[in-house]
Amino acid sequence: MGTSPNPTARAEALAKADLAAPRNEYLFPAPRWLVKHGLQDARDAAPASLVLNVALLVLPAAGCLHLWRDVPHWVGAAYLVVNYAVFLQRFMLTLHFTEHRRLWRTALEPLNWLTPYVLAPLYGLPSGAYRLHHCVMHHVEDNTAPYDLSSTEPFRRDSPLAFLRYWLRFALLGSVEVPLYAWRRGRRGWAVRAVAAIAGYWAVVGALYTRNPVATLYTLALPYALSSLLLMFGNWSQHVFVDPDRPDDDYALTYNCLACPDNRKTYNDGFHIIHHANSQLHWSQLPARFLETLDTHDARDALCFEGIGFFDVGVAVFTGRLEWLADRVVPCGPKQAARGKREWVELMRRRLQPVQRGAAPKARCS
């Protein structure tokens, strides 16, 4: 990669493409009157539409499976495949951004409970558990081990076996460890609410299973197993490259995915450095903030890729395709534009090493 007259031209063009891209987060739009009078932020018509899509399509479908006492396995499997193929990615990122920022106005507060408490279990998430795990723990602790239980720092991140341990810990112990995290960090209210929500969730799953095991298997049990795997692989992939010398630097503990198809379905989630630097920034502003901080990205050696998503990066790392990734690196300024392909490969290989902290990291929350 040699220098060019304008070393930021490609990065600028890709971010502007994301800014101008049509939204693809929903199948059909929410009514205009609901968008106009119900939203906390008028820019959130897309997540409101997706919530409506799931509430009107998936929730009744799941209910019908539970009412069908002798539902065949093939019907349950078809429901699961279609639901996950169409809505999983869209729903998870809708939940993600609406937990960071309120979707509905205070006058419609019960609607803010719909996504995390009622719809989330259809995608394998215990009711009310996501905010504590993601917003309170992951973003506050910022991938710092041992406080962030989903931290990738201690692992050799190109090792599938290391990822297997990472996923199984979350799938088997997360319902216990996350409330304990909140309690130990002084967030006692969060801990109590989490225990109540998780216990209630599993009690409902157990009761439904005794009544209709096939429906429960495909609407709740298998989604829990699948989503725990996919979510943890997603987080692993987002934080697969961590600079061992700067693990606390938001520009060096994750990367951006520019102009990838996923950005149209995930509220520009590919701008992950920007999101970690300011998790309260509205999703529609992420590409613009990237353009405003190109010099910072260059100075702090932030990784940016063109046309590929987080799962693509994670799979490429596991299969040893760092040169393939280097071909898709987008320089953000003159410093990075002067770097050759081999140097990018070495940078990525170095950022796959486990982070060795000499002393206990500074606590980020009380």
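The values are calculated or read from the model by the stated rules, or taken from the named source; none is laboratory data. Everything quoted here is computed from the prediction, not taken from an experiment. As a convention, Cβ positions derive from the backbone with ideal geometry for all residues, glycine included, and neighbour counts pool all protein chains shown.
The single condition among (1) over 24 Å from the mean Cα position of the chain (by Cα); (2) surrounded by 14 or more Cβ atoms within 10 Å (Cβ to Cβ) that His297 does not meet is (1). Just one of (1) free of Cβ contacts under 8 Å to residues at least 40 places away in the same chain; (2) closer than 30 Å to Arg339 by Cα trips up Pro7, so point out which. Failing condition for Pro7: (1). Determine, yes or no, whether Ala9 is over 22 Å from Leu220 (Cα atoms), aliphatic (A, V, I, L, M) and in contact with a strand residue (DSSP E or B) (Cβ under 9 Å, 6 or more places away or on another chain). No.
Please indicate, with yes or no, whether at least one residue in region 300-314 is more than 22 Å from the chain's Cα centre (by Cα) and either within 17 Å of Glu12 (Cα to Cα) or modelled with pLDDT of 95 or more (or both). Checked against the condition, which is being more than 22 Å from the chain's Cα centre (by Cα) and either within 17 Å of Glu12 (Cα to Cα) or modelled with pLDDT of 95 or more (or both), region 300-314 yields at least one hit.
When you go through Leu80, Leu88 one by one, which is the residue that is in a helix (DSSP H, G or I) and closer than 27 Å to Arg101 by Cα?
On the way: Leu80 fails: closer than 27 Å to Arg101 by Cα.
Answer to the check: Leu88.
Restricting attention to region 100-159, the residues that are assigned to a helix (DSSP H, G or I) and aromatic (Phe, Trp, Tyr) total 4.
In summary, helices (runs of 4 or more DSSP H) completely within region 286-334 and bearing 3 or more residues that are within 19 Å of Ala20 (Cβ to Cβ) occur at 286-292. Scanning region 62-101 for residues that are loosely packed, with under 15 Cβ neighbours inside 10 Å and not β-branched (Val, Ile, Thr) turns up Gly63, Cys64, Leu67, Trp68, Arg69, Asp70, Pro72, His73, Trp74, Ala77, Ala78, Ala85.
When you scan region 1-17, do you find a residue that is more than 30 Å from Ala326 (Cβ to Cβ), among the hydroxyl-bearing types (Ser, Thr, Tyr) and not assigned by TED's automatic domain parsing to the domain that holds His276, even just one? For region 1-17, residues more than 30 Å from Ala326 (Cβ to Cβ), among the hydroxyl-bearing types (Ser, Thr, Tyr) and not assigned by TED's automatic domain parsing to the domain that holds His276: absent.
Please go through region 14-36 and give me each residue that is assigned to a helix (DSSP H, G or I) and touching a residue at least 40 places away in the same chain (Cβ under 8 Å), ordered by number. Before the answer, list the steps.
Restricting attention to region 14-36, the residues satisfying the condition of being assigned to a helix (DSSP H, G or I) are 14-20, 32-36.
Selection gives Leu14, Ala15, Lys16, Ala17, Asp18, Leu19.
The condition of being outside the structural domain of Ser227 (by TED's automatic domain parsing), small (Gly, Ala, Ser) and closer than 30 Å to Phe305 by Cβ holds for only one of Ala85, Ala21, Ala45, that being Ala21. Leu39 meets the stated requirement of being in contact with a Phe, Trp or Tyr (Cβ under 7 Å, 6 or more places away or on another chain) and farther than 30 Å from Val75 by Cβ. Can you spot a residue in region 67-74 that is touching a Leu at 6+ places or on another chain (Cβ under 7 Å) and not assigned by TED's automatic domain parsing to the domain that holds Tyr251? Scanning region 67-74, I find at least one residue that is touching a Leu at 6+ places or on another chain (Cβ under 7 Å) and not assigned by TED's automatic domain parsing to the domain that holds Tyr251, so the answer is yes. The set of residues in region 252-289 being in contact (Cβ under 8 Å) with a residue 40 or more places away in the chain, surrounded by fewer than 23 Cβ atoms within 10 Å (Cβ to Cβ) and over 25 Å from Leu88 (Cα atoms) consists of Ala252, Ala288.
Just checking, how many residues over region 156-192 are among the acidic types (Asp, Glu) and over 24 Å from Pro223 (Cβ atoms)? Count: 1.
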